[in-house]
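Below is one structure, written out as structure tokens; comments come after it.
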Amino acid sequence: MHVHLSCVEQGGDVLVECWPLEAQARQDREERLREQALANKELIRNLAHEIKNPLGGIRGAAQLLEMDLPSPDLQEYTQVIIHEADRLQSLVDRLLAPHRHPHQVGDVNIHEVCERVRSLVLVEFPRGLEIKRDYDISLPEFRGDREQLIQALLNIVQNAAQALTERIAAGDAQIILRTRVARQVTFGRQRYRLALDLHVIDNGPGVPETIKERIFYPLVTGRDGGSGLGLTLAQTFVQRHHGLIECDSVPGRTDFRILIPLP
Ligand SMILES: Nc1ncnc2c1ncn2[C@@H]1O[C@H](COP(=O)(O)OP(=O)(O)OP(=O)(O)O)[C@@H](O)[C@H]1O
Ligand SMILES: [Mg+2]
């Protein structure tokens, strides 16, 4: 048991909180992850800028070279340079993307966000996938950036659908979108009286053990053709709402949980 003592703002009262060790360990872990994530983001951003600058030069030089080639056969090589420079450019753009989005605040109805994401993913996966709704319709609206939350949830639900390939083929793939109100929860070093508690649960194979601890880091992927940016971006957007994404995954059940403070 850990005991926390803190002064309550009014009246000079002292608040005594007793935490089970498990909750303390969780808080320490969250803290550590947050620090690592900040350091990582800084590194990635600097690196992306450094890569971006010379890329234009490389591409331009390859184009000039292409015009002066003695034999058109050699164009195959300049095309590789141009193509790969473009690929890197788009990767770097996506790495820098979250810092370019302004945060536009309005009233958010989380079920509208869920419905939007649900229909987008069902268009992409029209057969063999069921997306169940389990909504608590008493959830209040809150102030936030609707588009960013759609993007964050979309990245998570898309991952789930992509992980479900085998079950989609078998016809029993399932994703559940569950919304609840959480009361008296602590995350991100703060205690909140009310929070949105949104779960995306799938019955897929689970997050690969080898990357489980690092899935929110940029460029970490377990998927052929994945760029490892979806969850990083989702986490950034949710953090801008003072929230947090957690993951709990075993084979057969993967649960991504988004927590966002409510007024
Ligand atoms: N629901 C899930 N079930 C199993 N594995 C998952 C799930 N969600 C995420 N993962 C794993 O986490 C990895 C990282 O996900 P993330 O969205 O950050 O990147 P990505 O999907 O590989 O690429 P991108 O989203 O940038 O196209 C995935 O490649 C996948 O291995
Ligand atoms: Mg993804």
Taking region 131-167 and keeping residues among the charged types (D, E, K, R) and either over 20 Å from the mean Cα position of the chain (by Cα) or within 16 Å of ligand 2 (Cβ to nearest atom) (or both) leaves 132, 133, 134, 136, 141, 166, 167
Index of the failed condition, residue 241 passing every other in (1) within 11 Å of ligand 1 (Cβ to nearest atom); (2) buried (at least 16 other Cβ atoms within 10 Å of the Cβ) | (1)
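To keep it simple, each residue is scored yes or no on (1) modelled with pLDDT of 80 or more; (2) under 22 Å from the mean Cα position of the chain (by Cα); (3) surrounded by 10 or more Cβ atoms within 10 Å (Cβ to Cβ).
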residue	(1), (2), (3)
20	no, no, yes
23	no, no, yes
32	yes, yes, yes
41	no, yes, yes
47	yes, yes, yes
52	yes, no, yes
56	yes, no, yes
60	yes, no, yes
If you scan region 194-245, which residues turn out to be more than 16 Å from ligand 2 (Cβ to nearest atom) and farther than 28 Å from residue 137 by Cβ?
-> 209, 210, 213
If we take region 89-183, then helices (runs of 4 or more DSSP H) inside it with 2 or more residues that are open to solvent by less than 40 Å² (accessible area, probe 1.4 Å) are 110-124, 146-163
Run down 119, 90 and say which single residue is hydroxyl-bearing (Ser, Thr, Tyr) and within 30 Å of residue 55 (Cα to Cα).
-> 90
Hits in region 62-88 (condition: of a type outside the set (A, V, I, L, M, F, W, C), under 31 Å from the mean Cα position of the chain (by Cα) and open to solvent by less than 90 Å² (accessible area, probe 1.4 Å)) | 84, 86
Cross-chain or 6+ apart pairs with Cβ under 8 Å, region 37-49 first and polar (S, T, N, Q), then open to solvent by less than 90 Å² (accessible area, probe 1.4 Å) | 40/217; 40/218
Can you work out which of the residues in region 216-229 that are within 17 Å of residue 206 (Cα to Cα) and open to solvent by 30 Å² or more (accessible area, probe 1.4 Å) is farthest from ligand 1 (Cβ to nearest atom)?
-> 224
Any hit, region 174-185, residues being near ligand 1 (Cβ under 9 Å from one of its atoms) and closer than 30 Å to residue 107 by Cβ = yes
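The values are calculated or read from the model by the stated rules, or taken from the named source; none is laboratory data. The structure displayed is predicted, hence computed values, not measured ones. Methodologically, a virtual Cβ is constructed for each residue, glycine included, from the backbone with ideal geometry; neighbour enumeration extends over all protein chains shown. Accessible surface is based on the protein model in full, side chains and every heavy atom, while ligands, DNA and RNA are left aside. Shrake-Rupley method; radii C 1.70, N 1.55, O 1.52, S 1.80 Å.
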